[in-house]
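Down below is the structure, laid out as structure tokens.
The values are calculated or read from the model by the stated rules, or taken from the named source; none is laboratory data. Everything numeric here is computed off the predicted structure, so don't read it as measured data. Heads up, the Cβs are rebuilt from the backbone with ideal geometry, glycines too, and the neighbour counts pull from every protein chain shown. Quick note on the areas: whole protein, heavy atoms, side chains included, nothing else; ligands and nucleic acids left out. Shrake-Rupley method; radii C 1.70, N 1.55, O 1.52, S 1.80 Å.
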Amino acid sequence: MSVTVHLAQQPEADELLSRSPLAALVGMLLDQQVPMEWAFTGPYTISRRLDADDLDAHRIAAAEPEAFAAMLSEKPAVHRYPGSMAKRIQQLCQYLVEHYDGDAEAVWRDAADGRELLTRLTDLPGFGKQKSQIFLALLGKQFGVRPTGWREAAGPYGEEGCFRSVADITGPESLAQVRAYKQEAKRAAKEAKAAKD
């Protein structure tokens with residue numbers, strides 16, 4: 001993959017995300033309950049702590065769970081919930097080892113169409129429908145992975161010219177637009193809930 005993403009807004013972390021399918025998947029997995037940049041810097045932090053220049057699904061899957069969780073908890077922590085996220089990352093890597101021989105890119109490399117790719121993504125531990133659609137949109141919009149029907153399978157996140165998710169972040173300006181969209185969506189959801197009560 002010869003692309004450059006700007007999800008972590010930090011050159012070294014973005015460089016790893018740009019060339020490592022597993023780092024991109026792990027970043028997406030971490031993208032909940034923390035700022036997006038923090039989540040997508042996580043894979044780089046983990047690779048540094050493993051003294052490696054990439055993440056290795058076999059190595060992470062086989063790591064001793066308590067030691068791996070402790071490594072994610074070191075300051076600065078990889079996530080707000082480093083213990084539970086360490087477990088999720090290991091489950092993801094174990095699944096990749098079992099089903100794809102540890103090759104994260106194989107999840108999307110030969111997917112026949114967008115629907116099949118979405119199914120493969122939602123089968124991954126820690127990937128619900130929304131996270132899978134966002135990652136599918138990210139693959140299509142920024143990594144050039146565009147099986148037939150990928151936009152439809154990605155739902156609203158696949159739309160062109162929108163600023164809904166991490167799939168639409170290409171720099172500081174679009175990050176601000178996505179953040180504003182999310183805040184507005186939260187506010188609207190709160191108002192809708194209040195109207196019901």
Requested in this report: Considering only segment 158-179, state which residues are open to solvent by less than 50 Å² (accessible area, probe 1.4 Å) and more than 19 Å from Pro21 (Cβ to Cβ).
Outcome: Gly158, Cys162, Asp168, Gly171, Ser174, Leu175, Val178
Query raised in the report: In segment 132-157, what residues are open to solvent by less than 10 Å² (accessible area, probe 1.4 Å), of a type outside the set (A, V, I, L, M) and in contact (Cβ under 8 Å) with a residue 60 or more places away in the chain?
Result: Phe135
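So which residues in segment 163-178 are assigned to a loop (DSSP other than H, G, I, E, B) and either hydroxyl-bearing (Ser, Thr, Tyr) or modelled with pLDDT of 90 or more (or both)?
Residues satisfying the conditions are Phe163, Arg164, Ser165, Ile169, Thr170.
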**Report entry** Filter pass, Val3 being in contact (Cβ under 8 Å) with a residue 40 or more places away in the chain, over 10 Å from the mean Cα position of the chain (by Cα), within 18 Å of Pro172 (Cα to Cα) and surrounded by fewer than 16 Cβ atoms within 10 Å (Cβ to Cβ)
**Finding:** yes
Query raised in the report: Has segment 91-107 got any residue that is touching a Phe, Trp or Tyr at 6+ places or on another chain (Cβ under 9 Å), farther than 22 Å from Ala39 by Cα and not aromatic (Phe, Trp, Tyr)?
Result: yes
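Identify, from the list Tyr181, Tyr157, the residue that is aromatic (Phe, Trp, Tyr), within 16 Å of Pro35 (Cβ to Cβ) and assigned to a helix (DSSP H, G or I).
Testing whether each residue is aromatic (Phe, Trp, Tyr), within 16 Å of Pro35 (Cβ to Cβ) and assigned to a helix (DSSP H, G or I) leaves just Tyr181.
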Report task. Hey, can you tell me all the residues within segment 7-49 that are open to solvent by 30 Å² or more (accessible area, probe 1.4 Å) and not in a helix (DSSP H, G or I)? Result -> Gln9, Gln10, Gln32, Gln33, Pro35
